[in-house]
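J.: Here you go, one structure.
The values are calculated or read from the model by the stated rules, or taken from the named source; none is laboratory data. Because the structure is a prediction, the values reported are computed rather than measured. Reconstructed Cβ throughout: ideal geometry from the backbone, glycine too, with neighbour counts over all protein chains shown. Note: accessible area is taken over every heavy atom of the protein model, side chains too, but ligands, DNA and RNA are not part of it. Shrake-Rupley method; radii C 1.70, N 1.55, O 1.52, S 1.80 Å.
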Amino acid sequence: MEFVKYEQRNRYGIITINREEALNALNSAVLDELNEILDNIDTNAVRCLIITGAGGKSFVAGADIKEMLELDKSGGEFFGKKGNDVFAKIENFALPVICAINGYALGGGCELALSCDFRICSEKAVFAQPEVGLGIIPGFGGTQRLMRAVGMGMAKQMIYSAGKIDAAEALRIGLVNAVYAPEELMPAAEKLADIISKNAPIAVQKSKIAINSGSQLPINKGTEIETRLFGECFETDDRRAAMGAFIERRKNVEFFNR
Ligand code: DAK
């Protein structure tokens, strides 16, 4: 792969957008490679993913403006669908996806981060939805996911103003869960991925499904889904093993994803 790297460590995988010369901007090739990597991840071998950007300056500085300059209406729709399909794949991916934002997360970069399960960032991170300054609206889900993450008022302010916010403000409004010194970001992301990957994988995956589907539904419908998934956990060997270990006061249960 030219623009996206994938590496497995322990039981988690790290996806790195690797187009540093363009601040990791998303062109069609990056989106295609990201799509292919996601399709080929062995969800039995890894239990959590991290997405980050190469270099110390930028996570993803948005969709590639040079590529977009030449697009007509149908080209714009095609490009938009490509991005939206990949981002939906991340949002609904079987495994939890942590976004480690190491610098600029602008436009499509902020939207990529929003399609992950949660976000942590470096003190150098900068966030914005600058699209209205370029004559477009956020087109990779930003008008929908940003308001779900930070509330409608803050999302509208960010989108209408196209203004940048720093890491401290991102933390204050709930766009990220934590801020780290740049050199501590990946160790923190990997520590979280390691903790998550040691929990019962099927239970973690079903929690993701319950939270994601419930976020679109009235609470009574959401709790119906939760009840069904809760019941399904009782069919797993991992549930039996973990409850048995608790009763027998054994620690550090190993889960087998079944
Ligand atoms: N696209 C292409 N190249 C980019 C880029 C981008 N978004 N951002 C940076 N680069 C390139 C620069 O052109 C430059 O390349 P060379 O000119 O050296 O070849 C290199 O990266 C370094 O950038 P700078 O020289 O500008 O670096 P600075 O430190 O001076 O500035 C910056 C860093 C991040 C503040 C600045 O590069 C910047 O403002 N970049 C643009 C940020 C931006 O506006 N991003 C949002 C793009 S809009 C759609 C769905 C979604 C979208 C669109 C359509 N459809 C449904 C159709 C999404 C839109 C967006 O994301």
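J.: Among the listed residues 173, 136, 165, 159, identify the single one that is of a type in the set (A, V, I, L, M) and closer than 29 Å to residue 204 by Cα.
T.: Sole residue among the options that is of a type in the set (A, V, I, L, M) and closer than 29 Å to residue 204 by Cα: 173.
J.: Next up: Search the stretch 102-135 for residues being open to solvent by 40 Å² or more (accessible area, probe 1.4 Å) and free of Cβ contacts under 8 Å to residues at least 60 places away in the same chain, and hand back the single one that is nearest to the ligand (Cβ to nearest atom).
T.: Step by step, filter the stretch 102-135, then rank; the result is 133.
J.: Kindly indicate whether residue 66 is in contact with a helix residue (DSSP H, G or I) (Cβ under 9 Å, 6 or more places away or on another chain), within 12 Å of the ligand (Cβ to nearest atom) and open to solvent by 10 Å² or more (accessible area, probe 1.4 Å).
T.: yes
J.: For the stretch 190-226, which positions are among the β-branched types (Val, Ile, Thr), more than 18 Å from the chain's Cα centre (by Cα) and within 21 Å of residue 47 (Cβ to Cβ)?
T.: The answer is 202, and nothing else.
J.: In the stretch 89-101, how many are within 16 Å of the ligand (Cβ to nearest atom) and surrounded by fewer than 24 Cβ atoms within 10 Å (Cβ to Cβ)?
T.: 3
J.: Test of understanding: among 142, 153, 80, which residue is within 12 Å of the ligand (Cβ to nearest atom) and at pLDDT 95 or above?
T.: Exactly one of 142, 153, 80 is within 12 Å of the ligand (Cβ to nearest atom) and at pLDDT 95 or above, namely 142.
J.: Let me ask another. Please state which one of 179, 253 is without any contact (Cβ under 8 Å) to a residue 24 or more places away in the chain and surrounded by 14 or more Cβ atoms within 10 Å (Cβ to Cβ).
T.: 253
J.: Related question: Can you find even one residue in the stretch 204-216 that is exposed (fewer than 13 other Cβ atoms within 10 Å of the Cβ) and at pLDDT below 95?
T.: yes
J.: Can you tell me which condition residue 196 does not meet? The list is (1) surrounded by 15 or more Cβ atoms within 10 Å (Cβ to Cβ); (2) not in a helix (DSSP H, G or I), and all the others hold.
T.: With (1) surrounded by 15 or more Cβ atoms within 10 Å (Cβ to Cβ); (2) not in a helix (DSSP H, G or I) applied to residue 196, the lone miss is (2).
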